[in-house]
Amino acid sequence: MNCFQIETETYRNKLSKKDREQYLTRPGMHYVDVGDHSVRVRMEGEGEKAIVFASDSPIVIEHHDRLFELLTPHMTVICLDMPGFGFSMPAKDFSFDVDEFADILDEVLGVLGKKSYMLSFPCFTSYVAMTLAERNPGKIERLILPQAPDWQGELDWFTTTSGLGVLKAKGVGQVFMTGMHLYTPSVWLYPWFQLTVPDKEDRQWIRSTTMLSTKEGMINCWASIYQAWHSCDVPDFSMVKQPTLSLWGPKDHTHYKTDKRSMLKCLPHAEYETFESSGHYSYLQEPERFTVRVLSFMGQK
């Protein structure tokens with residue numbers, strides 16, 4: 001057993017396939033199976049064009065309810081839990097590599113069958129979005145990348161938030177993270193949301209939704225992705241030419257050292273914008289403003 005399997009096998013034992021229907025908590029939810037990977041998806045609305053949200057763990061699909069309400073009158077709205085997070089169970093031999101994430105989601109988007117997609121992939125999921133965009137310039141039309149610096153900036157942020165370096169220790173990091181997440185989630189979730197969500201009311205509903213999901217069996221393979229991304233080659237995103245919006249919430253204290261414009265080094269054509277009163281989850285904290293921005297970005301009113 002490799003160190004990644006400590007997390008995947010622990011969660012697979014907790015979240016068995018036979019019980020997975022209980023995690024379909026919203027209209028339009030279903031699973032898309034890609035080999036032994038099981039990706040939880042919500043899809044509602046009409047139209048060939050679609051926006052796809054990736055949940056930024058410990059955020060899950062259920063946090064995006066308001067965005068579904070606001071955007072489904074205009075387009076198809078899709079949200080998914082990333083493999084290894086939320087309620088999307090990875091195969092036991094999942095590498096947590098950027099390319100393998102993209103391989104899985106490429107197949108998921110093919111199954112969903114829309115003509116084109118705009119990807120709103122925040123934080124660590126942004127690099128998967130850029131990989132998909134590079135591979136599929138005709139299918140991935142636009143990118144929104146909230147709270148995403150360049151690759152080195154993301155690795156530096158991982159280190160800043162890695163629990164005093166525990167997560168980088170192979171095996172030990174997995175045992176530490178799964179134990180804390182499964183048995184004492186409030187130990188890390190309360191300070192996490194204190195740092196990332198400045199508004200008290202937003203912090204309350206976002207945290208309570210995550211805590212409920214944690215009690216229901218939500219998975220969070222954070223140690224494995226930390227280790228995998230620190231050991232892989234630096235991705236080259238120079239071929240990504242799609243219109244891109246780099247969106248930041250400056251009141252996210254986990255990114256106080258981050259060069260928030262650094263994404264423009266690898267995507268110089270990207271637009272840069274801040275939602276000044278928001279933290280890590282600007283699209284959840286200001287969904288109405290985000291909706292207006294999405295529609296203008298797509299050329300709609």
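FYI, it's all coordinate maths here, none of it is from the lab. Bear in mind the structure is a predicted one, so any value in this text is a computation, not a measurement. Using ideal geometry, Cβ is built from the backbone for each residue, glycine included, and neighbour counts are taken over all protein chains shown.
Side notes on the structure shown:
- Share, in percent, of DSSP beta bridges within the chain that are antiparallel, nearest 5: 40
- Length gained when the stretch GLU271-ASN2 is fully extended (0.36 nm per residue, less Cα-Cα span): 92.8 nm
- Cβ crowding within 10 Å, taken as a proxy for footprinting-reagent exposure, orders HIS37, HIS74 from fewest neighbours to most as HIS74, HIS37.
- The loop-placed GluC sites (Glu not before Pro) in segment 16-69, going by DSSP, that have at most 12 neighbouring Cβ atoms within 10 Å of their Cβ come out as GLU46, GLU48.
- Each Cα pair under 8 Å and six or more residues apart adds its separation to the average, and for segment 41-105 the resulting relative contact order is 39 percent.
- Across segment 250-256, computed HN-Hα scalar couplings (Karplus, 6.51 cos²θ - 1.76 cosθ + 1.60, θ = phi - 60°) run x, 8, 9, 6, 6, 10, 5 Hz from first to last residue, x flagging Gly and Pro.
- Loop-located trypsin sites (Lys or Arg not before Pro) in segment 214-293 (DSSP state not H, G, I, E or B) with no more than 15 neighbouring Cβ atoms inside 10 Å: LYS241, LYS257, ARG261.
- Assigned charges on the beta-carbon of Lys, Arg, Asp, Glu; segment 194-291 dipole about Cα centre (debye): 200
- Take the Cβ atoms of HIS253 and LYS115, set R0 to 51 Å, and the FRET efficiency comes out at 0.80.
- Length-normalised contact order for the chain - Cα pairs under 8 Å, 6+ apart - percent: 20
- Close amide H contacts of MET89 (hydrogens built in the peptide plane, cut-off under 5 Å, sequence separation of 5 or more or a different chain): SER38, ARG40, GLY84.
- In terms of surrounding Cβ atoms within a 10 Å radius of their Cβ, VAL234, VAL292, VAL41 rank from fewest to most as VAL234, VAL292, VAL41.
- Net charge of the neighbourhood of ILE6, taken over other residues with C-beta under 12 Å away and scored Lys/Arg +1, Asp/Glu -1, is +1.
- Here is the tail figure for the chain: Cα pairs spaced more than 34 Å apart come to 12 percent of all pairs.
- Using θ = phi - 60° in the Karplus curve 6.51 cos²θ - 1.76 cosθ + 1.60, the 3J(HN,Hα) couplings for segment 221-237 round to 8, 5, 5, 5, 5, 4, 5, 5, 6, 6, 10, 8, 5, 5, x, 10, 9 Hz; x is entered for Gly and Pro.
- Under 5 Å from the amide H of SER278 lie the amide H atoms of LYS251, each residue being 5 or more positions distant or on a separate chain, with H modelled from the backbone and absent for Pro and chain starts.
- Here the gap between ASP97 and LEU182, fully extended at 0.36 nm per residue and compared with their Cα-Cα distance, gives a gain of 28.2 nm.
- Separation of segment 113-159 from segment 85-101 is 16 Å, based on Cα centroids.
- The fewest-to-most ranking of HIS269, HIS63, HIS255, HIS230 by surrounding Cβ atoms within 10 Å reads HIS269, HIS230, HIS63, HIS255.
- Taken as Cα centroids, segment 46-80 and segment 257-278 sit 23 Å apart, rounded to the nearest whole angstrom.
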